[in-house]
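Asker: Got a structure for you, written out below as structure tokens; questions coming shortly.
Each value in this text was obtained by applying a stated rule to the coordinates, not by laboratory testing. What you see is a predicted model; the values in this text were computed from it and never measured. Methodologically, a virtual Cβ is constructed for each residue, glycine included, from the backbone with ideal geometry; neighbour enumeration extends over all protein chains shown.
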């Protein structure tokens, strides 16, 4: 049985991510934990409210959040009463990342599914700030669902690697499960740029051969300035349904979030991104 964490701020895109997760795991036994996090800044003013006033506002916000989650669960049960799924409601008052990490540890979370903020024009960025922070600072795999993206069958997945480090057992468990449970094809995109050479790829080639029965290897020699365009073109040309990467030091993900905004805009990823966590 999988334990899935679904953070929500009750926005349209977070609800969309919840619906995606329900369809993705439709045929699997899952415990879903729907989490809303309230921040101190939501109800403490610059003038420091009296304790009783703060307590009243705190209770009001928590009660409202609990009711909103209850409404979500009612909608789910009315439209998609799946006997494989069980739901839990959590409202927390904490720092966002601290809360995610604590809930993940307490409930042995296998995967976090989050929505990404939508925008338009020059305001478009790759992910909402909370989603990026969860990817970078949490120890649990994260599946980020683009704003407005609706679930369809998972036929093709792609894993991107620069082969800078040898993979370890357990790092790709979620990816393996996605491939097996959906009988999907996996493509491995090996990237080489000025920071990483493909000559160190043999250990990882052996790793994939041992762990995946049917896969396709592709290789791209690129530069940092072209990296995002090249990956975007690969995703579109191969009709990829989910793109996966590992978050580790000097990785593709790290450069993705530290590069210039113009390159972020050039990438324009519009499919779910699975971020796996490196095991030390």
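Asker: Neighbouring Cβ atoms within 10 Å as the yardstick, rank 9, 63 fewest first.
Answerer: 63, 9
Asker: For residue 23 and residue 232 in one chain, what is 0.36 nm times their gap in residues minus the Cα-Cα distance, to one decimal in nm?
Answerer: Using 0.36 nm per residue and subtracting the Cα-Cα distance, I get 72.7 nm.
Asker: Shifting gears a bit: Run the quick spin-label model on residue 97 and residue 173: label points 7 Å from Cα toward the beta carbon, then report their separation in nm to one decimal.
Answerer: In this crude label model, residue 97 to residue 173 measures out at 2.3 nm.
Asker: May I ask you to derive the FRET efficiency for residue 217 and residue 12 from their Cβ-Cβ distance with R0 = 35 Å, giving the value to the nearest 0.05?
Answerer: Taking R0 as 35 Å, the efficiency between residue 217 and residue 12 is 0.35.
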